[in-house]
Amino acid sequence: MEDHDEELIRLLANDITMHFEQLVLAYQDRLYAFALSHVRNPHAAEEVVLSALERAYYALKGYPPQRIALLKLGAWLFEITRNLAHNYLRDLRTREKRLPSVSLDTAESSFGEYIEDPDITPEEIACHNEDRQELEQGIASLPASYQMAIQLYYFEHFSAREIAERVGQPIGTVKSNIHRGTKLLHQLLHTHAEEAR
């Protein structure tokens, strides 16, 4: 592999644009397996690898040939991927803290797994279902643009950039919809909790 990397580095130092595809073909599968071992989510692992390769491309475009020639290519690519996987997990933890920890998975199999836990009491199942229903109703009462942004961001784990591409909106609009939708959802759930007392 080192011999192959040396040849690849020589080609990249000569012409990044022409030879970058060879780097992608040589490393994408290994980077994906590496990312998947960290984030445990196939979709997220793909996103991490795409971002890593994009960063590598633009970094290499900005490097003089002498710097490219000194790169330990594999170690450098894995380090970029590791950092992005770490950022993904950190962002995921932040997202999970922002909303109540209630699953929106309403599939019967999900419910079946939940009630098979011998440590879960009938009261806890009822509370879980009530919380889930309250959260679903809260999201359903939001404006459509907020509903979609929150569903894709928190529950399907799309990045703001992916949502923007999917719905054809500027990334700033998507980030604003996520922020405002989350704030409004908190207010709705808080109001409902106050009324229930």
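The values are calculated or read from the model by the stated rules, or taken from the named source; none is laboratory data. Just so we're clear, the structure is a prediction, and the values are computed from it rather than from any experiment. Every residue, glycine among them, receives a Cβ derived from its backbone with ideal geometry; neighbour counts consider all protein chains shown. The accessibility values were calculated without ligands, DNA or RNA, using every heavy atom of the protein model including side chains. Shrake-Rupley method; radii C 1.70, N 1.55, O 1.52, S 1.80 Å.
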A 1.4 Å probe over the protein heavy atoms gives segment 1-97 a carbon and sulfur accessible-area percentage of 54 percent
Along the Cα→Cβ direction, 7 angstrom out, place labels at residue 14 and residue 55. What is the inter-label distance in nm? 2.9 nm
Does a label point 7 Å from the Cα of residue 95, set along Cα-to-beta-carbon, have any residues of segment 21-64 with amide nitrogen under 19 Å, and which are they? 35-52
From the residues 13, 65, 49, which one has its Cα farthest along the dipole of segment 1-97 in the positive direction, the dipole being from +1 and -1 charges on Cβ of Lys/Arg and Asp/Glu about the Cα centre? 49
